[in-house]
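> Next up is a structure, given as structure tokens.
What follows is calculated from the coordinates using simple rules that are stated; it is not laboratory data. Please read all numbers here as calculations on a predicted model, not as lab measurements. So basically every Cβ, Gly included, is an ideal-geometry build from the backbone, and we count neighbours across all protein chains shown.
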Amino acid sequence: MNPSTLEIGLGLRVPHYRHILEKKPVCGWFEIISENFMVDGGRPLEVLDAILEQYTVVQHGVSMFLGNADPLDRDHLRKLKRLVKRTKTPWLSDHLCWGSVGGKCSHDLLPMPYTKGVAKHTARKIRQAQDFLEVPICVENVSSYAEFMQNEMTEWEFLSEVVEQADCGVLLDVNNIYVSSQNHGFDPREYLRKVPHHRVGQMHIAGHTRLEHVILDTHDHPVPDPVWSLYAEAVRLCGNVPTLLEWDDRIPSFDEVHAEALKARRFWNAGRKAPQSMREEALVA
Amino acid sequence: MKTLRALQERMSDALMQPLTPRDGLQKSTRTDFIAPNDRMSGFERLEIYARQYWFRVLDCLHDDYPALRALLGQRRFHALCREYLAQHPSSSWTLRNLGSRLPEFIKDRAARDVAMIEWAQTLAFDEAWLKPLAVADLARGDAATMRLGIQPCVILTQVSHGVDHFITALHKTEAEVRGAASQAITGSPKRRVTRRRPALHRERVHLAVHRQDNRLYFKRLHPKAFRLLTALREGRTLAEALTHSKASAAQIREWFSEFSQLGWLTKPSTPHPKS
């Protein structure tokens, strides 16, 4: 499998299992939520094995919590590595966030305090995870609704600091940049300009929900125009990067989700690959 | 990273404290570590995360315990879950384990029985299915030293109410009959419940909640068969388990034939220290 050939992918979701297994639609690749398959048996793994016979699968996690003050969870990592061996994922992604402390888990992607010390701590943990899992890691920027008083830098400065020190990739979630820019009042295009483009190995696009004072990252709508517009800019800066549409709630038919994802192709530049990135490193490895 | 830990503990404590009756953050919560913006105070911004936390974990129990919800009614179920989660916040990276301690938390016997069986369903849904032992493998062994494993996706449990019949009745429209002694239920623990609640009768039931071809089934067991399987799972030798069960030779022959057909018998997952 050549990861640099991956184009537009979809999240593998339960309501679409039957359609995919029976119709075998043409789809670039599927992204799975790793934790849904870190089990010992049953239908999830059987479906995954059937999908793996036909498609490339890329793992996306929600529980590594690389920004936790606590050390990495070894039980989680062992199960994750077992899944990596099963899927042969070309790279693996999780979020630049924290989610548990002192043995209590929030099951949420909580924002980081943007400080030099925290960036160093988080980068060290990403390197540890990458060494253990033996697969390139991309970290995703999360959407957020709060910022800490102790922040010393912008989110994009923090992201850049972490990935440079960790020598890892970026999963650039364009919708999350938009959501956070609206919630915190920054310019999303400045964010896009300042991230290390050569490290962007994958992108996410999605829909969101606008409330009176805040935008929530709900993944339950088509991609809105402002996000497409940002995506176009991201492609201009980072090149044609494997892109995935996230649609996790009020999920319509497979064909509808697929058609929405394929709109991303409109913004791709003919023949323009991304600069040296995680995908090429994965290929070499 | 003392500062980071202190900050995360503070935020975690704030999120996981019970919400007010109107689903708000407790007014006494200190939120001076969160920056306000031009539209929202630090308190309001943190409240978004607190609501997200509570709605997520309550949704999870709502999905995992539909029969318990049907038994108690929405309001009592909701109050129980809030009380449970306040005392037992999630300690696992997976939400699958969130309700693991709910059965022991419940005082009412009937409700506890229902919760026990629903937790058994959660386990049976995605525990491992190992290579079953063939009858010939059993015949070759020496009962005095032989140890057998039971499929991890076979969950053995005893309750004081006919929970299997209760759950099956709740899902009557979706139920499928499989075999004389087993009743099929939907393959996923996440399922709808009917509005009219069937009766939950008091009776002693020894039950195996198990998975076959990715569907969950209930199988009532003779108390001696239950003792036999439990003894084998505990790592006793076959001879010890047979003695412990106090079953007749005819019963043992019948049950082993049935267990083999179901593929329930395996090699022990870890070698027994005595072997």
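> Listing A:LEU159, B:LEU46 from the residue with the fewest other Cβ atoms within 10 Å to the one with the most, what is the order?
Ordered by Cβ neighbours within 10 Å, fewest first: B:LEU46, A:LEU159.
> Note the per residue figure in Å³ for the convex hull of the C-alpha positions in the protein assembly as shown. Provide the component values of the computation, followed by the final result.
Working: hull volume 95.2 nm³, N = 560.
Spread over its residues, the Cα hull of the protein assembly as shown gives 170 Å³ apiece.
> Would you list B:SER91, B:SER245 from fewest to most Cβ contacts within 10 Å?
Starting with the residue having the fewest Cβ neighbours, the order is B:SER91, B:SER245.
> In terms of the ratio Rg/(2.2 N^0.38 Å) built on C-alpha atoms, what value belongs to segment B:2-102?
Here the answer is 1.19, to two decimals.
> Below 8 Å between Cα atoms, with a sequence gap of 6+, how large is the relative contact order for segment A:3-284 in percent?
Working: 541 pairs, mean separation 53.2, N = 282.
Once normalised by length, the contact order is 19 percent.
> Checking a compactness column here: for segment A:171-251, what do you get for Rg(Cα) / (2.2 N^0.38 Å), N being the number of residues?
1.05
> Cross-link candidates for A:LYS88: which lysines have Cα within less than 16 Å, leaving aside residues fewer than 8 places away along the same chain?
Counting by Cα, and skipping residues close in sequence, A:LYS88 has these lysines nearby: A:LYS79.
> Can you count the Lys pairs in chain B with C-alpha separation below 19 Å, eight or more apart or on different chains?
Close lysine pairs found across chain B: 4.
> In what sequence, highest mean first, do A:258-268, A:35-45 appear when ranked by Cβ atoms within 10 angstrom?
Most protected by this proxy first, the peptides run A:35-45, A:258-268.
> Explain nothing, just the number: relative contact order of segment B:42-108, from Cα pairs under 8 Å at least 6 residues apart, as a whole percent.
For segment B:42-108, the relative contact order is 32 percent.
> Helix B:223-233: angle to the longest alpha-carbon principal axis of chain B, degrees 0 to 90, nearest 10?
The two axes meet at around 70 degrees.
> I'd like to know how segment A:50-195 sits against the 2.2 N^0.38 Å rule of thumb: what's its Cα Rg over that expected value?
Normalised Cα radius of gyration, segment A:50-195: 1.05.
> Neighbouring Cβ atoms within 10 Å as the yardstick, rank B:LYS224, B:LYS107, B:LYS219 fewest first.
In increasing order of surrounding Cβ atoms, one gets B:LYS107, B:LYS224, B:LYS219.
> So if the hydrodynamic radius of segment A:121-186 is defined as the Kirkwood radius over C-alpha pairs, what does Stokes-Einstein give as its diffusion coefficient at 37 °C and 0.692 mPa s, in µm² per second?
256
> So, with +1 on the Cβ of K and R and -1 on the Cβ of D and E, and no other charges, what is the size of the charge dipole of chain A about its Cα centre, to the nearest 20 debye?
On the way: 32 positive and 39 negative charges, 151 e Å.
Using Cβ point charges on Lys, Arg, Asp and Glu, chain A gives about 720 debye.
> Let me ask something additional. Order A:208-215, B:74-81 from most to least packed using the mean count of other Cβ atoms within 10 Å.
Going by the mean number of other Cβ atoms within 10 Å, highest first, we get B:74-81, A:208-215.
> Over all alpha-carbon pairs in chain B, figure out the percentage whose distance exceeds 26 Å.
That tail contains 53 percent of the Cα-Cα pairs.
> What residues from segment B:7-36 fall in the zone where the backbone N is under 12 Å from a label point 7 Å along the Cα-to-C-beta line of A:LEU211?
So the set is B:23-25.
> Regarding segment A:1-100, what whole-number volume in Å³ per residue does the convex hull of its Cα atoms give?
Once divided by residue count, the hull of segment A:1-100 is 110 Å³.
> With each run of n ≥ 4 DSSP H residues scored as -39500 (n - 2.57), what mean residue ellipticity at 222 nm is computed for the protein assembly as shown after dividing by its residue count and rounding to the nearest 500 deg cm²/dmol?
Helix-only estimate at 222 nm: -13000 deg cm²/dmol.
> Straight distance only, please: which aspartates and glutamates reach the Cα of A:LYS263 with their own Cα at less than 13 Å, same-chain residues fewer than 8 apart left out?
Cross-link targets: A:GLU7, A:ASP225, A:ASP255.
> Let me ask something else. Just the number: Rg to Rh for segment B:33-74, Cα atoms, Kirkwood Rh, two decimals.
Ratio value, two decimals: 1.29.
> Give the relative contact order (percent, whole number) for chain B; include only Cα pairs under 8 Å separated by 6+ residues.
Once divided by the residue count of chain B, the mean separation gives 18 percent.
> Just the number, please: Stokes-Einstein D of segment A:3-284 in µm²/s, Kirkwood Rh from C-alpha pairs, 25 °C, 0.890 mPa s.
Values: Rh = 19.0 Å.
Estimated diffusion coefficient is 129 µm²/s.
> Same structure again: Given 25 °C and 0.890 mPa s, how large is the Stokes-Einstein diffusion coefficient of segment B:29-153 in µm²/s, with Rh as the Kirkwood radius over Cα pairs?
Here the translational diffusion coefficient equals 136 µm²/s.
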